[in-house]
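Structure first, commentary second.
The values are calculated or read from the model by the stated rules, or taken from the named source; none is laboratory data. Since the model is a prediction, treat every value here as computed from it, not as a measurement. Don't worry about glycine lacking a Cβ; one is built from the backbone with ideal geometry, like all the others, and counts go over all protein chains shown.
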Amino acid sequence: MTPPLPCVLIGGWLGAGKTTLVNQLLRQADGRRLAVLVNDFGDQGIDADLITGASGEVLELAGGCVCCSYGADLIGTLRRVTARDPRPDALLLETSGVADPAAVARSIGLLPEIALDGTVVLADAPRLAALQADPYVGDTVRAQLAAADLLVLNKVDNVEPAVRAALHRTLPPARTVETVQAALPIECVLGLAISSAGDKPAARGLRVPTAADGRFVSRSQRLDGPQDPALLAQRLTAAGSGVLRAKGLLTDLEGRRVLLQVVGTHAQLAPAPADATGPDRLAVIGLAGLYDGAPWS
Amino acid sequence: MDTAPTTIFAARRIITMNPARPTATHVAVRDGRILGVGPLAELAGWGPHTLDERLADQVLMPGLVEGHSHLMAGTLWRHAYCGCFDVTDPDGRRVAGSPSIDAVLASLSDAATARPEGPIVGWGFDPIYFGNRRCTREDLDRVSRTRPVGLLHASGHILNVNTVALQAAGFLRAGIAHPAFPLGADGLPTGELKGPEAMLPALDHVGLNRSFLSGDEFGIRAFGRLAVRAGVTTATDLAATLLDPELDTLLRLTGEAGYPVRLVPLLRLIGISPAQAVERAVALRARSTEQLRLGRIKVVADGSIQGFSARLRWPGYYNGAPNGLWYTAPEAMRDCYERALAAGIQVHTHTNGDEATALALDLLQAALAKQPRADHRFTLQHAQLADAAQFRRMRALGLSVNLFANHLYYWGDQHAAITVGPERAARMNAGRSALDAGVPLAIHSDAPITPLAPLFTAWCAVNRVSASGQVLGEAERITVPEALHAITLGAAATLQLDGEIGSIECGKRADFCVLADDPTAVPPAALKDVRVWGTVQGGRVFQA
């Protein structure tokens, strides 16, 4: 049976930088066939230079990536995208600006052919305090933030450091990363590829991302001997671990092979797909200063 | 130059809605327009004419205007009616209501026999009247175990399917955990699909997708026949996508000599940006015809009160349900308002809850400060929970309102008991407050959510009686003349058409509602029973 297609939700209020992040990720796809789902093709869409063509409701993008709008028919669109040939390597689902990502996550849960890795929510740093306190939309914005496994506090260059510190105190306890123009290494969102037969060569294996700006630290390691997956997941997601994204292929204490996925504060364990062979291993990307790159076991 | 022929219609009584000449006995028509209304001797002064006495025993009113309906009201008649109340189909046949789930299943089984192949579909279902008993796929399996069966609820937001259809939609499996999919004792979905997202994957399998488009030829024709039966000569399709194929169909059908109703479809702001919507509306406006009026935008701010998706102000829902959802981002609404004001495009905004109404008022106030425009005629649709202060703000901002008076009858009991509680239920669809504040007022059916019948809608606004017979807010009643104004000139004003239609006076369109009874002579409690003979639209006579 084909393993489920991994999916990451990208949520956040209008203008927080969701589409900017999607464009950033598409530019780093590097051989991954990404399928991007957007609520609508609005004004600020996919960067024009990334678009190579259009057929029906699908925009064809550079490097074999595609973009579709789902409008009211999220489930139907997800099914059609998953069934595309060639099959995408990963889905990026950008929610509408007013949507509750938790509700969208429940809908993804209806489809056994898709596995939700986690939810990334962007927040517009200069507007965040006002939006959270807004009498009309404050509850919606706060619910969006609460649904995050990984929070991206964007546009921090427009906010004084003291205000930034105060903002952090208002955020829910998801892992938070600060950005300018939603600039994030793709591995922070999609994780480090730890191999499956379908991976593109460039994404195969224990590739370590280049984190040129020094904000991120990544580490790939072998895991020797059986592990307690729940304990490992707990440590990776613990407050202060600094881990943004982790993927592991490990053997549990009963000798079963397990796939571990971490997005921020959210961990998932699943039986390893049949094609996930090779030694037990773990790949982690974290925030410099919090995560020092030390090995886990 | 030849003058077009003149026809003078004689009537038992003509109610003009023009206070300068409130009643008359004759109306002269030339070129589809009203040449004059008054005594025959006066009208004869226009020259040679034909006296038409077909309507001599009837009462004429201005053609009724339905300011909030959907063409789907016609399209759904492709399928079996399964509502609780008796209704009349487009061909005038009385269709009995189904007062129990067994009766609903019997209606569906009749439909299955009548059409021996393909999906079996019912609509108008409303289990709220059956206590706690929900419909399940086992129920619908009694209709068929081999053909897909779908049963659309009156709200349009829930669909029940049988096992075959559920399987085809890919949801007949264990392990589903989603509020839109209630589970049975066996851990499998019951077949009730709640909300558009859950419904959509099943709609194709029960052959219902076409009903949700506005370009369905059968539906547009059936809607025309329904309008004649209701005395309606102008009606909105309040949320259309208006893509080119739909537009072509609408232009073709409304251009036919026998099409009896002027349609006003509004472009919905969904799936396109405000800039794109306004640009499209401007382009559509240029394609308007006499019978198809284009170039208006509909924005949906929140959900529905009975679905608990409307945005309510403090203290929220009576049963403690969490507040509802914003369907359009406030930033997008404001952007749309500003651009539409600049382009002279009218916007109608759906606001059910009072917080959504408050938001629309705030956003329009801000947009008008930036982009002033006299007589923009923006309209709030439903505004079911608006209070007196909000109506005063509407007046100050130049807004019109179209209240959902039919809700008082169909769901008033549930609003008092469950959704908003007795006090706020008594001020729902507050016609009196709207008029006292000086807000131009229309009232509507939202057909097919409730039947297209403006005289029934007027009865609701006048009497405010629920299905169980309780009066909801006597203080918010309006008078019969006020209600008749709301379904003619009032609704016309919300569409910026009050200079053309809505009253019977020289120069306006020859659009009449032809009645067998005089609505101003019957007791207010009998307004809904006034018999409709048919219509005259653009001078053409249509007998129901």
Considering region B:354-384 alone, what residues qualify as being within 21 Å of B:SER445 (Cβ to Cβ), under 18 Å from the mean Cα position of the chain (by Cα) and not polar (S, T, N, Q)?
B:LEU380, B:HIS382, B:ALA383
Got at least one residue in region B:167-185 being assigned to a loop (DSSP other than H, G, I, E, B) and in contact with a His (Cβ under 6 Å, 6 or more places away or on another chain)?
yes
Consider region B:98-119. How many of its residues are closer than 20 Å to B:ILE158 by Cα and either touching a residue at least 60 places away in the same chain (Cβ under 8 Å) or among the basic types (Lys, Arg) (or both)?
1
Out of B:LEU183, B:LEU188, which single residue is out of contact with any Cys (no Cβ under 6 Å at 6 or more places or on another chain), touching a residue at least 12 places away in the same chain (Cβ under 8 Å) and either within 13 Å of another protein chain (Cβ to nearest Cβ) or farther than 18 Å from A:LEU78 by Cβ (or both)?
B:LEU188
Among the residues of region B:321-337, are any within 26 Å of A:GLY15 (Cα to Cα), among the polar types (S, T, N, Q) and at pLDDT below 95?
yes
Tell me, yes or no, whether region B:283-297 has at least one residue that is within 20 Å of B:HIS348 (Cβ to Cβ), surrounded by fewer than 23 Cβ atoms within 10 Å (Cβ to Cβ) and within 14 Å of chain A (Cβ to nearest Cβ).
no
Note: among B:ARG268, B:ARG252, just one is within 14 Å of chain A (Cβ to nearest Cβ) and surrounded by fewer than 24 Cβ atoms within 10 Å (Cβ to Cβ), namely B:ARG268
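Right, B:ASP204: within 30 Å of the chain's Cα centre (by Cα) and within 11 Å of chain A (Cβ to nearest Cβ) or not? Show your work before the answer.
On the way: within 30 Å of the chain's Cα centre (by Cα): yes; within 11 Å of chain A (Cβ to nearest Cβ): yes.
Yes, satisfied.
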Give the residue, chosen from B:LEU193, B:LEU213, that is modelled with pLDDT under 90, within 14 Å of chain A (Cβ to nearest Cβ) and closer than 25 Å to B:ALA73 by Cα.
B:LEU213
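Take the residues of region A:94-120 that are among the acidic types (Asp, Glu) and closer than 11 Å to A:VAL8 by Cβ: which is farthest from the other protein chains (Cβ to nearest Cβ)? Show your work before the answer.
First, the residues of region A:94-120 that are among the acidic types (Asp, Glu): A:94, A:100, A:113, A:117.
Cutting the leftovers down to closer than 11 Å to A:VAL8 by Cβ gives us A:94, A:117.
On the way: A:GLU94: 14, A:ASP117: 18 Å.
It comes out as A:ASP117.
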Taking strands (runs of 3 or more DSSP E) that fall entirely within region A:24-88, which contain at least 1 residues that are within 14 Å of another protein chain (Cβ to nearest Cβ), surrounded by 15 or more Cβ atoms within 10 Å (Cβ to Cβ) and out of contact with any helix residue (DSSP H, G or I) (no Cβ under 7 Å at 6 or more places or on another chain)?
A:34-38, A:66-69
Hey, any hits in region B:61-76 for a residue that's surrounded by fewer than 22 Cβ atoms within 10 Å (Cβ to Cβ) and within 29 Å of the chain's Cα centre (by Cα)?
no
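For region B:158-179, indicate whether the set of residues that are more than 14 Å from chain A (Cβ to nearest Cβ) and within 25 Å of the chain's Cα centre (by Cα) is non-empty.
yes
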Restricting attention to region B:355-373, which residues are farther than 14 Å from B:VAL300 by Cα and not aliphatic (A, V, I, L, M)?
B:ASP362, B:GLN365, B:LYS370, B:GLN371, B:PRO372, B:ARG373
May I ask you to list the residues in region A:89-137 that are in a helix (DSSP H, G or I), β-branched (Val, Ile, Thr) and either free of Cβ contacts under 8 Å to residues at least 12 places away in the same chain or within 22 Å of A:VAL177 (Cβ to Cβ) (or both)?
A:VAL104
Return a yes/no flag: does region B:320-337 have any residue that is assigned to a strand (DSSP E or B) and more than 14 Å from chain A (Cβ to nearest Cβ).
no
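How many residues does region B:349-371 hold that are touching a helix residue (DSSP H, G or I) at 6+ places or on another chain (Cβ under 9 Å) and not in a helix (DSSP H, G or I)? Full working, then the answer.
Keep residues of region B:349-371 that are touching a helix residue (DSSP H, G or I) at 6+ places or on another chain (Cβ under 9 Å), which gives B:349-351, B:354, B:357-368, B:370-371.
Still in the running and not in a helix (DSSP H, G or I): B:349-351, B:371.
Total meeting the criteria: 4.
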Residue selected from region A:244-281 under the condition over 17 Å from the mean Cα position of the chain (by Cα) and among the aliphatic types (A, V, I, L, M), by the criterion nearest to A:LEU9 (Cα to Cα):
A:ALA270
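Considering every residue within region B:473-486, establish whether at least one is over 23 Å from B:TYR409 (Cα atoms), within 21 Å of the chain's Cα centre (by Cα) and at pLDDT 95 or above.
The initial filter retains those residues of region B:473-486 that are over 23 Å from B:TYR409 (Cα atoms), namely none.
No.
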In region B:111-158, what residues are small (Gly, Ala, Ser) and in contact with an Asp or Glu (Cβ under 7 Å, 6 or more places away or on another chain)?
B:ALA154
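Just wondering, is there one or more residues in region B:378-393 that are part of a helix (DSSP H, G or I), at pLDDT 95 or above and small (Gly, Ala, Ser)? Write out each step before concluding.
Kept after step one, since they are part of a helix (DSSP H, G or I), are these residues of region B:378-393: B:388-393.
Among the residues that remain, those that are also at pLDDT 95 or above are: B:388-393.
This time we only want the ones that are small (Gly, Ala, Ser), so: B:388-389.
Yes, region B:378-393 contains a residue that is part of a helix (DSSP H, G or I), at pLDDT 95 or above and small (Gly, Ala, Ser).
How many residues are under 29 Å from B:LEU292 (Cα atoms), of a type outside the set (S, T, N, Q) and in contact (Cβ under 8 Å) with a residue 60 or more places away in the chain when one looks only at region B:520-544?
Qualifying residue count, region B:520-544: 12.
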Pair list, Cβ < 6 Å and 6+ apart or interchain, from region A:158-171 residues that are assigned to a helix (DSSP H, G or I) to residues that are not hydrophobic (A, V, I, L, M, F, W, C):
A:ASN158/A:PRO126
Go through B:GLN371, B:GLN365 for me and flag whichever is within 14 Å of chain A (Cβ to nearest Cβ) and farther than 26 Å from B:TYR318 by Cβ.
B:GLN365
Lone qualifier among B:LEU108, B:LEU55, B:LEU40 - being out of contact with any Asp or Glu (no Cβ under 6 Å at 6 or more places or on another chain) and crowded, with 23+ Cβ neighbours inside 10 Å:
B:LEU108
So, B:GLY74, is that one in a strand (DSSP E or B), more than 24 Å from B:SER468 (Cα to Cα) and touching a Leu at 6+ places or on another chain (Cβ under 7 Å) or not?
no
